[in-house]
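Working notes, beginning with the structure itself.
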Amino acid sequence: MAKRYRAELLRRLRNEIPIDWLIGYLRWPHKRRNGQFVFVCPVCRESESDVNPKTNLGRCFHCEQNFNPIEFTMAVEVVEFVEAVEFLKPLLRD
């Protein structure tokens with residue numbers, strides 16, 4: 001497995017895989033509350049959360065953790081950075 005990745009690949013993983021779609025793909029607990037997408041934080045297990053489609057970040061307001069798709073995958077799958085990148089790579093469109 002590669003240990004170094006091109007910046008372009010990492011940028012694409014962070015920006016082109018919608019965080020709300022990824023949360024569903026990972027079958028992580030989530031729902032719409034008052035029209036807002038919320039999820040259970042993989043760090044603190046609270047659901048004081050939101051996603052921002054403009055920045056493609058998930059945010060837990062309880063533990064103040066931000067998640068991009070790579071970080072969210074690392075937290076949910078309990079894997080290191082390299083494994084998360086390898087997991088996400090097939091989800092990109094060419």
Output for the range 1-24, where each listed residue is surrounded by 14 or more Cβ atoms within 10 Å (Cβ to Cβ) and either assigned to a helix (DSSP H, G or I) or of a type in the set (S, T, Y) (or both): Y5, L9, L10, R12, L13, R14, I19, D20, L22, I23
Residues of the range 6-54 satisfying the condition of being hydroxyl-bearing (S, T, Y) and within 12 Å of the chain's Cα centre (by Cα): Y25
Total residues in the range 55-77, condition closer than 16 Å to Y25 by Cα and over 9 Å from the mean Cα position of the chain (by Cα): 1
Within the range 32-82, tally of residues that are β-branched (V, I, T), within 20 Å of L10 (Cα to Cα), open to solvent by less than 60 Å² (accessible area, probe 1.4 Å) and not in a strand (DSSP E or B): 5
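The values are calculated or read from the model by the stated rules, or taken from the named source; none is laboratory data. No experiment lies behind these values; they were computed from the predicted model shown. Counting neighbours? That spans all protein chains shown, and the Cβs are built from the backbone with ideal geometry, glycine included. Ligands, DNA and RNA are stripped out before the accessible areas are found, and what is left, the full protein with its side chains, is counted by its heavy atoms. Shrake-Rupley method; radii C 1.70, N 1.55, O 1.52, S 1.80 Å.
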